[in-house]
Amino acid sequence: MAAEIVAAVAAANQAFNFIKKAVHKGQELQDLSKAIGAFWDAREEVSILEQKATNPSKIQKLFGGQSIEAQALEVTLQKQRAEDLERELKDIFLWTGNGHLWTEMIRERSRIRNARIAAAKEAAQTKAAMIDIAIITGIVTLSMVVVFAFTKLAVG
């Protein structure tokens, strides 16, 4: 887990450094959408890995390799680095006179994230309902088989 989060932060750092150098060479932020997208993809990966680290499965807890404290420290340090890079990226937007783009991007990011969360929640609820239906169907079927078997034994 620690190696994955380090790699995700390294990818964010690489994208940020590319953006920073390009802006210093005079490129417009609008022309750097691929690099900015790569930054946000890596930043999102950090968030996902943080959630996985804070909610490990039983197997990961048992065979995780690192102590909980070491994992917590690594996740915290890498998360802080990713947040620092995000602040620096915001500063670049502001310094280049594109603060309005930053504000709009963050607003759109929140909208998309909320939509994804709602879709994931709905999918989880649907999956839980399907599991409930399957269990109920199984119990009803088993009950019918048992009743049928007892009826056959009683009659026979």
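Using the 10 angstrom Cβ neighbour count as an exposure proxy, how do PHE150, PHE18, PHE93 rank, fewest first?
Values: PHE150 10, PHE18 16, PHE93 20.
Starting with the residue having the fewest Cβ neighbours, the order is PHE150, PHE18, PHE93.
With runs of 4+ DSSP H residues as the only contributors, calculate the mean residue ellipticity of the chain at 222 nm using -39,500 (n - 2.57) per run, divided by the residue total and rounded to the nearest 500.
Working: 5 runs with 136 residues, N = 156.
Per the formula, -31000 deg cm²/dmol.
On C-alpha positions alone, give me the angle between the axis of helix 2-24 and the longest principal axis of the chain, in degrees, nearest 10.
With rounding to tens, the tilt is 30 degrees.
Sum up the lysine pairs in the range 2-155 that clear both bars: alpha-carbon distance under 14 Å and a spacing of 8 or more or different chains. If you can, show how the numbers build up before the last one.
Values: LYS20/LYS34; LYS20/LYS90; LYS52/LYS61; LYS52/LYS79.
Taking the range 2-155 as the scope, the lysine pair count is 4.
Compute for the chain: radius of gyration divided by Kirkwood radius, i.e. Rg/Rh, restricted to C-alpha atoms, rounded to two decimals.
Working: Rg = 25.2 Å, Rh = 19.6 Å.
Rg divided by Rh gives 1.28.
Mind pulling the angle between the C-alpha long axis of helix 33-54 and the longest principal axis of the chain? Nearest 10 degrees, somewhere in 0 to 90.
Between the helix axis and the principal axis of the chain, the angle is about 50 degrees.
Relative to the longest principal axis of the chain, what angle (0 to 90°, nearest 10) does the C-alpha long axis of helix 99-155 take?
Helix 99-155 and the main axis of the chain meet at about 10 degrees.
State, as an integer percentage, the relative contact order of the range 2-155 based on alpha-carbon contacts under 8 Å between residues 6 or more apart. List each step's numbers first, then the result.
Values: 68 pairs, mean separation 37.6, N = 154.
So the answer I get is 24 percent.
Quick note: the coordinates plus some simple rules give every number you see, no bench work behind them. This one's a predicted model, so the numbers in the text were calculated from it and none came from an experiment. No Cβ is skipped: glycine too gets one built from the backbone with ideal geometry, and neighbour counts run over all protein chains shown.
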